Amino acid sequence: MKVEKCPECGSKNLGRGEFSGYACMTVCNAAGKPGFRGSAVQAVVCSDCGLILELRVKQPHKFAPKDR
Ligand SMILES: [Zn+2]
């Protein structure tokens, strides 16, 4: 479902951003320690109140729990 307005303030001024580089979501190993593989995270942000409406990794398959 696509987010079209902020549930907090009702604003429709939504922007998109991305966490990448050192702020990317890193895949944890079986012991719960972060490893080297990771994915950038896309975010939808309300540009009026600053609420983050949506966070989504760009490569979700990297997080599949294949060790379990
Ligand atoms: Zn808002």
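Given the chain reduced to its alpha-carbon atoms as identical point scatterers, what log10 I(q)/I(0) does the Debye formula return at q = 0.26 Å⁻¹? For the chain at q = 0.26 Å⁻¹, log10 I(q)/I(0) is -1.04. Modelled spin-label separation between Phe19 and Ser47, with each label point placed 7 Å from Cα along the Cα-to-Cβ direction: 2.2 nm.
Laboratory data are not the source of any read-out in this text; all were calculated from the coordinates shown. All values reported here derive from a predicted model rather than from experimental measurement. Cβ atoms come from the backbone with ideal geometry, glycine included; neighbour counts cover every protein chain shown.
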